[in-house]
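Structure first, commentary second.
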Amino acid sequence: MFHSEGLKHSDVTPHSVYLTRRCALAALSALALPISRATAGQTTRFTSIAKPSLANVAKTSYGAGEALTPQSVVTGYNDFYEFGSAKDEPAQNAAKFVTSPWTITMDGEVSRPVTVDLDRVMKLAPLEERIYRHRCVEGWSMVVPWIGYSLSALLKQVQPTAKAKFVAFQTYFDAKKMPDAAALRFPYVEGLRLDEAMNPLTLLCVGLYGTPLPNQNGAPVRVIVPWKYGLKSIKSIVKITFQESMPATTWNTFNPVEYGFYSNVNPAIENYRWNQKDERRLGEFGKRPTQLFNGYIKEVASMYAGMDLKKNY
Ligand code: MTE
């Protein structure tokens, strides 16, 4: 539909012009999503051709205090199974992936479901650069200057109902454009508890190192959940659904023993395939101990107070 590589400018413009006129007032109003006309049970749809712009990205105090991983490593050593299962394949195979225009649909247990274009999403809150540790269950880690804003700013727009306990995310999928379609069950899906999704640390991410997200890193929009293993940081998101029940996740469906729903970084919980006690920072020699919640204890530990983290791995 909106990702067709064969889509011509003329195919899209009239519709977007039409929408622009029709919704001119709402569109010009403010930074907030123009969802005031949506009523329960209806989805408002606004689309246009987005060109992500990363002007005015504010530096923040979010910082790991550690040396950044070289950009070439962050953009050349990737997990994006839709584009291949070897680390160097996503950079090659995703090169032609068309990510504009792009919309995100938000639905489920919300008062105001909406399908919204990425350029509106990007204007919802000021963009910030945040330096986060990024740790994969496989035992490698990185330190990356991501760009985005707290996911909560987007989620609040649709007014989750009292029944919304979890947030489910879905990646775009088209087997014709994603060569490794057989590796896992796609579309790739992930989930967070509502409080995890609303935690200020959870980043709606549109860039890294001062540039829009490269395709292999999840263009044009992904989440980064820095206290969890990298698999929770789902890429190229097209759908966010609020729900009462715990969502299925791709890796948990693939192997429930190895990959739990929570997937919090925790050196005390063994994964029988991969070592969780320590990690290798890519680009460096030697290993360093892995920290509980990837070191973000102060920010997130209270969300798990009283929970048995061995059971809820
Ligand atoms: N999202 C999608 N859609 N497909 C994937 O295969 N891999 C996950 C996560 N998000 C993945 C995904 C895993 S296992 C990791 S470790 C991180 O993306 C890697 O992010 P990076 O390549 O930007 O370092």
Unmet criterion (only one of (1) of a type in the set (D, E, K, R); (2) modelled with pLDDT of 50 or more; (3) within 20 Å of Lys239 (Cα to Cα)) for Asp88
(3)
Per the filter on segment 222-248, residues of a type outside the set (Gly, Ala, Ser), out of contact with any helix residue (DSSP H, G or I) (no Cβ under 8 Å at 6 or more places or on another chain) and within 11 Å of the ligand (Cβ to nearest atom) are Arg222, Ile224, Tyr229, Lys232, Ile234, Ile237, Val238
Within segment 285-301, does at least one residue satisfy the condition of being touching a residue at least 40 places away in the same chain (Cβ under 8 Å), touching a Lys or Arg at 6+ places or on another chain (Cβ under 8 Å) and within 16 Å of the ligand (Cβ to nearest atom)?
yes
Only one of Asp180, Asp195 is over 13 Å from the mean Cα position of the chain (by Cα) and modelled with pLDDT under 95, namely Asp180
Tell me, please, whether a residue that is hydroxyl-bearing (Ser, Thr, Tyr) and at positive phi can be found in segment 226-234.
no
Those strands (runs of 3 or more DSSP E) lying entirely in segment 171-277 with at least 1 residues of a type in the set (Gly, Ala, Ser) and surrounded by 21 or more Cβ atoms within 10 Å (Cβ to Cβ):
189-193, 203-208
Restricting attention to segment 249-265, does a residue exist that is under 16 Å from Ser152 (Cβ atoms) and near the ligand (Cβ under 10 Å from one of its atoms)?
no
Residues in segment 272-295 that are at negative phi and under 24 Å from the mean Cα position of the chain (by Cα) total 9
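The values are calculated or read from the model by the stated rules, or taken from the named source; none is laboratory data. A quick note: this is a predicted structure, and the numbers were derived from the prediction, not measured. Methodologically, a virtual Cβ is constructed for each residue, glycine included, from the backbone with ideal geometry; neighbour enumeration extends over all protein chains shown.
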